[in-house]
1. List pairs: first in region A:132-155 and within 7 Å of chain B (Cβ to nearest Cβ), second β-branched (Val, Ile, Thr) and part of a loop (DSSP other than H, G, I, E, B), Cβ under 8 Å, 6+ apart or cross-chain?
2. If you go through region B:131-140 one residue at a time, do you hit one that is over 30 Å from residue A:145 (Cβ atoms) and either among the polar types (S, T, N, Q) or assigned to a helix (DSSP H, G or I) (or both)?
3. Restricting the search to region A:68-91, which residues are touching a Lys or Arg at 6+ places or on another chain (Cβ under 8 Å) and crowded, with 24+ Cβ neighbours inside 10 Å?
4. Which residues, taken from region B:16-41, are crowded, with 22+ Cβ neighbours inside 10 Å, more than 7 Å from every other protein chain (Cβ to nearest Cβ) and assigned to a helix (DSSP H, G or I)?
5. Quick check, is residue B:118 surrounded by fewer than 24 Cβ atoms within 10 Å (Cβ to Cβ) and either farther than 25 Å from residue A:134 by Cα or out of contact with any Cys (no Cβ under 9 Å at 6 or more places or on another chain) (or both)?
6. Can you confirm whether residue A:46 is crowded, with 24+ Cβ neighbours inside 10 Å, touching a Ser or Thr at 6+ places or on another chain (Cβ under 9 Å) and hydroxyl-bearing (Ser, Thr, Tyr)?
7. Quickly run through region B:85-105 and pick out the residues that are more than 7 Å from chain A (Cβ to nearest Cβ) and of a type in the set (Phe, Trp, Tyr).
Amino acid sequence: MNILLYGMITGILFGMLMQRSGVCRYDAQIGLLRLKDFTVLKFMLSAVAAGMVGIYFLRDQGLIELNLKPALVAANILGGIVFGAGWALLGYCPGTASAALGEGRWDALPGMAGMVLGAAFFARLYPGLKGNLLVSGDLGKINLEQLTGINHWILIFALFILILFLFRFWQKNEK
Amino acid sequence: MKPDTKGFWSPYVCGFLTGILVIVSLWLTGKFFGASTTMVRSAGMAEKLFRPETAERLEYYIKIQPGIDWQWMFVFGIMIGSFFSSLFSRSFKFTALPGMWQKRFGRNLKKRCVYAFSGGFIAILGARLAGGCPSGHGLSGLMQMAVSGYLSVFSFFLGGVLAAYFIFRKRSSS
């Protein structure tokens, strides 16, 4: 089947799951950044918990390959903080903006216009950044196993426990 | 504080199903979830249309080719999926003034659009600098236990929580 059709179908299912759980609402996104509503993080970490196991199982069977983004310490941290500031102003991240628009939240539209214009602006900054900021603190395409030397299944188990602990903590605090 | 959960499906269940979706999609196509590269491809397509000479000169559009790919269709599909899901569940609603926004800034539509636009602009600059957004670094990165994912997600929240604190600092009643 056509790769584009796969992308579309995967997107449709993901959009449905975000819409039905309400994670693409401004109030849920901002609620998280104001540390009042952890719905979005519950969704994310549940996906991460399931995904981790499946991805590393398939990888160990030789059925898929990991596609790690390079750990660029300066760019990841600085870019991440800048992203966070924009996220708090808009109230949606790129993926949830698309879902928000789908359910009629048209304030996502100027947000997406800003993103496209911002991307065009970044294309102008790129030649100046690629030689310095974008390569400073380059650790390469590594995962936690390569960083720590601990077997990936032990790490997955530890992260699982951590995620369950967080879920329990939030459930208790919401009563 | 108890979040507003009425009418929604469990975020745990929907998140878990998203994890399964990632695995199946990855198995079938080898593609990881992501969204912010699509904004670059869209910008490239628009520039190619209106100013082809400039677009061809820019190195970033050579690195990230303008055009429609798996991820572009994925981001577009998210909108379609959300549209039908909201229609079937009768939760579709045309609105641009979210509740929490109104509580803080009132019903000023122009202000909301300015905030949304500048927020999107700033967010994508950060995402491109960091090399991804909460889909690429957040979901795909954390799932693969990528060091870049953990660094970026921590920074997304650091920047986001700080910015939200300053944006909502005054008369925060909710």
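1. A:144/A:150
2. no
3. Answer for region A:68-91, where residues must be touching a Lys or Arg at 6+ places or on another chain (Cβ under 8 Å) and crowded, with 24+ Cβ neighbours inside 10 Å: A:71, A:79.
4. Those that are crowded, with 22+ Cβ neighbours inside 10 Å, more than 7 Å from every other protein chain (Cβ to nearest Cβ) and assigned to a helix (DSSP H, G or I): B:37, B:38.
5. yes
6. no
7. Once the filter is applied, which keeps residues that are more than 7 Å from chain A (Cβ to nearest Cβ) and of a type in the set (Phe, Trp, Tyr), region B:85-105 yields B:88, B:105.
This table checks each residue for (1) within 17 Å of the chain's Cα centre (by Cα); (2) under 21 Å from residue A:19 (Cβ atoms).
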{"position": "B:64", "(1), (2)": "no, no"}
{"position": "B:71", "(1), (2)": "yes, yes"}
{"position": "B:82", "(1), (2)": "yes, yes"}
{"position": "B:89", "(1), (2)": "no, yes"}
{"position": "B:93", "(1), (2)": "no, yes"}
{"position": "B:100", "(1), (2)": "no, yes"}
{"position": "B:105", "(1), (2)": "no, no"}
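The values are calculated or read from the model by the stated rules, or taken from the named source; none is laboratory data. Keep in mind that this is a model prediction, so the values were computed, not measured. No Cβ is skipped: glycine too gets one built from the backbone with ideal geometry, and neighbour counts run over all protein chains shown.
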